[in-house]
């Protein structure tokens with residue numbers, strides 16, 4: 001059997017088992033999507049949002065990219081964000097990175113990765129902004145993990161800088177923003193940062209005419 005065909009076979013087995021356990025499973029999912037959470041995670045295949053959070057289809061809205069970035073020029077991310085906040089009215093947005101992230105590791109080198117350079121440059125900017133926090137950290141793993149955590153925090157702040165989030169904060173005091181880091185070593189999520197509508201944001205980024 002060709003390797004990719006096993007995915008189709010696995011799908012058939014999964015669908016059959018799902019209906020066996022709950023005959024109304026797909027009929028419910030077909031008509032309802034009402035997630036409370038938007039997940040912005042890394043594209044890494046080892047960090048599936050639903051499995052590591054124990055959520056079912058319909059419970060979590062997912063966007064993934066290299067190194068879980070929130071880039072202000074990324075129309076894909078912004079479209080997902082607007083749909084989740086304005087139409088799905090999610091209550092929480094989670095930016096989840098993971099220790100050992102290849103995108104962050106790439107950003108800490110001077111290697112040429114082709115088109116990927118344009119993406120990881122945003123992570124290099126995080127490193128530059130927090131350069132002093134790396135003084136005294138000589139262990140490479142510790143430095144990488146530090147940047148992974150700082151990157152998550154910066155991406156949560158980038159969410160707060162969007163007019164999409166600020167407008168929802170002003171009108172409905174939601175969503176609440178979370179920064180998490182998943183540990184591949186033990187499968188445990190480490191919450192490291194939170195931000196809500198009452199938390200401080202540099203006035204330079206606040207829209208006063210929403």
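Just so you know, all these numbers are worked out from the coordinates, no wet-lab data involved. Please read these numbers as outputs of a predicted model, since none were measured by experiment. For neighbour counting, all protein chains shown are included, and Cβ atoms are generated from backbone atoms with ideal geometry for every residue, glycine included.
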**Euclidean distance of C-alpha centroids, region 57-91 and region 130-206, integer Å** = 15 Å
**Message:** Restricting to Cα pairs below 8 Å that are 6+ residues apart, what does the relative contact order work out to for the chain? Please round to a whole percent.
**Reply:** 20 percent
**Prompt:** Say we join alpha carbon atoms closer than 10 Å with springs in a Gaussian network model of the chain; which of 197, 185, 130 then has the biggest fluctuation?
**Reply:** 185
**Prompt:** Given just the C-alpha atoms of region 37-205, how large is their convex hull per residue in cubic angstrom?
**Reply:** 122 Å³
**Order of 51, 146 - criterion: other Cβ atoms within 10 Å of each residue's Cβ, fewest first** = 51, 146
**Request:** Have a look at 35, 175, 48 and tell me which one the Gaussian network model of the chain (Cα, springs below 10 Å) gives the largest fluctuation.
**Result:** 48
**Request:** For the chain, with a Gaussian network of springs between Cα atoms less than 10 Å apart, report the residue from 105, 91, 13 with the top mean-square fluctuation.
**Result:** 13
**Message:** Can you tell me how region 122-210 classifies by the Cα gyration tensor, rounded, prolate or oblate, using a/c under 1.5 as the rounded cut?
**Reply:** oblate
**Fill in**
Helix-only [θ] at 222 nm, the chain, -39500 (n - 2.57) per DSSP H run of 4+, per residue, nearest 500, equals -12500 deg cm²/dmol
**Complete:** Of all DSSP beta bridges with both partners in the chain, the antiparallel percent, nearest 5, is 25 percent
